[in-house]
């Protein structure tokens, strides 16, 4: 998404007459950063699953170093194998995910060149054929690599916690409740999600 698009989205959210409008006002311009819709980007999504940012970044850095000079490629991941991935700090479970992703990519069962032209639902269907890639990972890839503007990651704990806090809910919202709350944000749920994450960093 271009800077102009991000400004347009922020303006829409600021005028939405919802509690999120105040967050947009406090946080300021949306500064989302994006990655190429590629094998390394999807690998990063898997590494970051269920980890806090600092721990995930540290493991990801070690993993990148272990891949060597060619960088994060299917061949490099397959060469490392389970033992090499574990030595780089990847859990056994995630190692199996990365190896399955590398195998799907090397055999072209997963074709990254096709993804930008597919609708959101078809991207998710294409990605989730890989072991360990579920809705959350697909949502992150859609948001930060394919730059789809209206993705609501209803299973993301940070997003749910931000909505609970912002809307004064007694419990973490369920997906159906999230969808209802998000209606005024559309068609910019991706940018709304970025602001929800930022809201958790704001001082009380």
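Most exposed first by the Cβ proxy, i.e. fewest other Cβ within 10 Å, how do 39, 112, 34, 141 rank?
Listed from fewest to most nearby Cβ atoms, that is 34, 112, 39, 141.
Taking the 0 to 90 degree range and rounding to the nearest ten, how far is the long axis of helix 74-87 tilted relative to the main principal axis of the chain, both from C-alpha atoms?
Helix 74-87 sits roughly 90 degrees off the main axis of the chain.
State the volume of the convex hull built on the alpha-carbon positions of the stretch 78-134, expressed per residue in Å³ and rounded to an integer.
Taking the convex hull of the Cα positions in the stretch 78-134, it is 81 Å³ per residue.
Can you sort 105, 61 by how many other beta carbons sit within 10 Å, fewest first?
61, 105
Can you tell me the orientation of helix 92-106 relative to the chain, as the angle in degrees between its alpha-carbon axis and the longest Cα principal axis, to the nearest 10?
So the inclination is approximately 80 degrees.
Where does each of 126, 4 land when they are ranked from fewest to most other beta-carbon atoms within 10 angstrom?
4, 126
To the nearest µm²/s, what D does Stokes-Einstein give for the stretch 130-204 at 37 °C and 0.692 mPa s, using the Kirkwood radius over alpha carbon pairs as Rh?
The estimated diffusion coefficient comes to 258 µm²/s.
Is the shape of the stretch 11-50 best called rounded, prolate or oblate, per the rule: a/c under 1.5 gives rounded, else a/b larger than b/c gives prolate, else oblate, with a ≥ b ≥ c the square roots of the Cα gyration tensor eigenvalues?
It comes out prolate by the Cα gyration axes.
Any idea what the relative contact order of the chain is, in percent, if you count C-alpha pairs under 8 Å spaced at least 6 apart?
26
Tell me the Kirkwood hydrodynamic radius of the stretch 39-144 in angstroms, computed as one over the mean inverse distance between distinct C-alpha pairs.
It is 13.8 Å.
Read the figures in this text as sums done on the coordinates, not as results from a lab. Computed from a predicted model, the values in this text were never measured in an experiment. Glycine also receives a Cβ, built like all others from the backbone with ideal geometry; neighbour counts cover every protein chain displayed.
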